[in-house]
Amino acid sequence: MLILSRKLGESIIIGENVQLSVVEINKNNIKIGINAPKDVTIYREEVFKKIKEENKMASTSGLVDLADTSNATKQEVATKSLLSKSFRQNQPYIILH
């Protein structure tokens, strides 16, 4: 890890187009200004970790959800097929869940 010291109003340049500036210094807090292109995503570390955690959970739960969706879709297709057939034959059809 590179560690640099900066004073109020001083900056650090990263690459060609990212600038970090010390905007304010308080007792236990430092405000940093960031100038970067719009396509550069910038997150606070705790937000970034939360996003990664939620993405991981979503990727594992999605497999179960897809299976449920597949079964639901098959049931819907079967139900619609039976409904269509019963209406063509003018027979009442009741769906129980």
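Each reported figure results from applying straightforward, stated rules to the coordinates on display, with no laboratory input. If you're wondering where the values come from, they're calculated on a predicted model, not measured in any experiment. Here Cβ is always computed from backbone atoms with ideal geometry, including for glycine, and neighbour counts include all displayed protein chains.
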**Fill in**
The number of Lys pairs in the stretch 2-64 whose alpha carbons lie under 30 Å apart, excluding pairs fewer than 8 residues apart on one chain, is 13
**Asked** If packing is taken as the mean number of other Cβ atoms within 10 Å per residue, what is the order of 45-52, 20-27, highest first?
**Response** 20-27, 45-52
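Arranged by the count of other C-beta atoms within 10 angstrom, fewest first, what order do M1, M57 take? Before the final figure, lay out each step's value.
On the way: M1 2, M57 10.
So the residues, fewest neighbours to most, are M1, M57.
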**Fill in**
Expressed to one decimal in nm², the mean projection of the alpha carbon convex hull of the stretch 9-59 is 5.0
